[in-house]
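Structure first, commentary second.
The values are calculated or read from the model by the stated rules, or taken from the named source; none is laboratory data. It should be emphasised that the depicted structure is a prediction, and the values quoted were computed from it without experimental measurement. Virtual Cβ from ideal backbone geometry, glycine too; neighbours counted across all protein chains shown. When the accessible area is computed, the model is the full protein with side chains, heavy atoms only, and any ligands, DNA or RNA have been set aside. Shrake-Rupley method; radii C 1.70, N 1.55, O 1.52, S 1.80 Å.
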Amino acid sequence: MTVSSVTSPEAPAAAEAHPDRPGVTELRLAAFATHRRVRFPLGPLTLVAGPSGSGKTTALRAYEALARLGGGAALAEVFPDPVTCVPERARPDAQHRRGFRIGCTVDGPEGPVRLDIAVQAEPELRIVGERLTAGGQTLLETALRDPGRPVVQAAWHTAGSSAVTRGPLPDDRLGTALLPLRVAGRTAGERQVLAAAEQMVLALRSVYTCDPSPHRMRPAAPVGAGRLLRGCDNLAEVLWRTRSECAHRYAHLVAAVRAGCAGPVADVAAEPVGDGTIRVFLDRGDGVRTHLGLLGDGELRYLALALVLLTGPGVLEVDQAGEVPAALQALTVLADGFDRCLDARQAGELMRLAARMCERGHIRLVGTVSDASCAFGVAGATVVDLEP
């Protein structure tokens, strides 16, 4: 398998300065499931294309795993079935160990920062190696020294009276995410480590995974204050709250629905129906209202994805970094099957909407598609083609 990437020629030239909002610019799958020694370049708007079985979903699975580890999740929560992540032909070593390796690069105010981790899947799940680097300098490095203890030996850059500081870290958590709790920041070297780790964690944890499920979106949704779930089960309730919270943004959503749904659309009406639930209707403008449950799968997925692109972390189920101002964060949406059930018109409209939102810098999109033609001529779109 080979990977090729194309950025739309209409995209503006990349600025030399590093971005204010950290974002993942490369995903590396050194050995993960069907991928070996593969690098995915990622821009603000990236589509991963390829035939069935080429590993598109696997790539997003690795990205989401890094995101959850960056958010502090335990290894067993992120990889409940780790053996499926081991390359199929990987042979165990003399100690019967097999595993996988993934990593990424995040660009931001501190410049490009690289993270690479090695995970042992068998005979027991644990992180056996991790490396955080920036500017050619190794800032954190861990290694498994004693298989009988649930820790790895870590060394982080100090550049004080000693070049590095050593200490144990748990083998079931990402060490980079733990550094702010372990490093005091007394020396310039330690402050460099903290800045790089915080940039990496900020970019990774700001992720919303979205895969709208039409059959779950059709029923009325109970009233609540919940944020939009990854399957968009509570779409009706979130639409109702969005309308009351930001009329300007909701008007853009109505315009997007008008462009992507069949028939005339004067408004998208969400209202309580008296039994503690919310129903959504498309107002056709002539007294006819079409209930959300009557829409096709493609229309429902289109509506849900448009809502995701037009809203933000205040509406979506995402672990936003509350200690960092929103102006310094970019939310990354992971959408497996971005074009699933969509016709060419809907896919094109959604791509143009995504390009407009990504250009503003507050949102990024990484989606998988079976056909990347919807990205042709869309400014700023990067297409990664997984060629068999």
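None of Ala159, Ala177 is over 23 Å from Ala74 (Cβ atoms) and surrounded by fewer than 22 Cβ atoms within 10 Å (Cβ to Cβ) except Ala159. Just wondering, is there one or more residues in segment 130-142 that are farther than 17 Å from Ala197 by Cβ and touching a residue at least 24 places away in the same chain (Cβ under 8 Å)? Within segment 130-142, not a single residue is farther than 17 Å from Ala197 by Cβ and touching a residue at least 24 places away in the same chain (Cβ under 8 Å).
Filtered by the rule that a residue be assigned to a helix (DSSP H, G or I) and farther than 21 Å from Ala203 by Cβ, segment 167-189 gives Ala188, Gly189. Among the residues that make up segment 99-112, is at least one of them in contact (Cβ under 8 Å) with a residue 60 or more places away in the chain, charged (D, E, K, R), touching a strand residue (DSSP E or B) at 6+ places or on another chain (Cβ under 7 Å) and assigned to a loop (DSSP other than H, G, I, E, B)? Yes; the residues of segment 99-112 include at least one that is in contact (Cβ under 8 Å) with a residue 60 or more places away in the chain, charged (D, E, K, R), touching a strand residue (DSSP E or B) at 6+ places or on another chain (Cβ under 7 Å) and assigned to a loop (DSSP other than H, G, I, E, B). Taking segment 1-52 as the range and being at pLDDT below 90 and hydrophobic (A, V, I, L, M, F, W, C) as the test, the residues that pass are Met1, Val3, Val6, Ala11, Ala13, Ala14, Ala15, Ala17. For Leu350, the requirement of being at pLDDT 95 or above, assigned to a strand (DSSP E or B) and either more than 11 Å from Val207 (Cα to Cα) or of a type in the set (A, V, I, L, M) (or both) is not met.
Listed here are the residues, each with its yes/no results for (1) small (Gly, Ala, Ser); (2) open to solvent by 10 Å² or more (accessible area, probe 1.4 Å); (3) modelled with pLDDT of 95 or more.
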| site | (1), (2), (3) |
| --- | --- |
| Glu299 | no, yes, yes |
| Leu307 | no, no, no |
| Leu310 | no, yes, no |
| Val315 | no, yes, no |
| Gly322 | yes, yes, no |
| Ala327 | yes, yes, no |
| Asp336 | no, yes, yes |
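Taking residues in segment 115-128 that are of a type in the set (S, T, N, Q), and partners anywhere that are open to solvent by 20 Å² or more (accessible area, probe 1.4 Å), the pairs with Cβ atoms closer than 6 Å and at least 6 places apart or on different chains are Gln120/Arg97; Gln120/Gly99; Gln120/Val128.
For the residues Arg98, Arg166, the requirement of being among the basic types (Lys, Arg), open to solvent by less than 50 Å² (accessible area, probe 1.4 Å) and more than 25 Å from the chain's Cα centre (by Cα) singles out Arg98. Of all the numbered requirements in (1) surrounded by 21 or more Cβ atoms within 10 Å (Cβ to Cβ); (2) aliphatic (A, V, I, L, M); (3) without any contact (Cβ under 8 Å) to a residue 40 or more places away in the chain, Val201 misses one, and that requirement is (3). Working only within segment 32-73, note down all residues that are touching a helix residue (DSSP H, G or I) at 6+ places or on another chain (Cβ under 7 Å) and part of a loop (DSSP other than H, G, I, E, B). Hits for segment 32-73 are Ala33, Thr34, Pro44, Gly50, Gly71, Gly72.
Kindly indicate whether Ala354 is open to solvent by less than 10 Å² (accessible area, probe 1.4 Å), touching a residue at least 40 places away in the same chain (Cβ under 8 Å) and touching a His at 6+ places or on another chain (Cβ under 8 Å). For Ala354, the condition - open to solvent by less than 10 Å² (accessible area, probe 1.4 Å), touching a residue at least 40 places away in the same chain (Cβ under 8 Å) and touching a His at 6+ places or on another chain (Cβ under 8 Å) - is not met.
Go through segment 130-157 and count every residue that is small (Gly, Ala, Ser), out of contact with any Gly (no Cβ under 7 Å at 6 or more places or on another chain) and closer than 18 Å to Leu179 by Cβ.
Start the filter on segment 130-157 by keeping residues that are small (Gly, Ala, Ser), which leaves 134-136, 143, 148, 154-155.
Narrowing the set further to residues that are out of contact with any Gly (no Cβ under 7 Å at 6 or more places or on another chain) leaves 136, 148, 155.
Cutting the leftovers down to closer than 18 Å to Leu179 by Cβ gives us 155.
Looking only at that region, the number is 1.
Which residue, of Ala118, Ala73, Ala143, Ala154, is among the small types (Gly, Ala, Ser), at pLDDT 95 or above, open to solvent by 10 Å² or more (accessible area, probe 1.4 Å) and in contact with an Asp or Glu (Cβ under 8 Å, 6 or more places away or on another chain)? Selected residue: Ala118, the only one of Ala118, Ala73, Ala143, Ala154 that is among the small types (Gly, Ala, Ser), at pLDDT 95 or above, open to solvent by 10 Å² or more (accessible area, probe 1.4 Å) and in contact with an Asp or Glu (Cβ under 8 Å, 6 or more places away or on another chain). If you take the residues in segment 270-295 that are more than 18 Å from Asp233 (Cβ to Cβ) and small (Gly, Ala, Ser), which one is surrounded by the most Cβ atoms within 10 Å (Cβ to Cβ)? Filtering first and then ranking leaves Gly285.
Summed over segment 226-269, the residues that are assigned to a loop (DSSP other than H, G, I, E, B), open to solvent by less than 70 Å² (accessible area, probe 1.4 Å) and in contact (Cβ under 8 Å) with a residue 12 or more places away in the chain give a count of 11.
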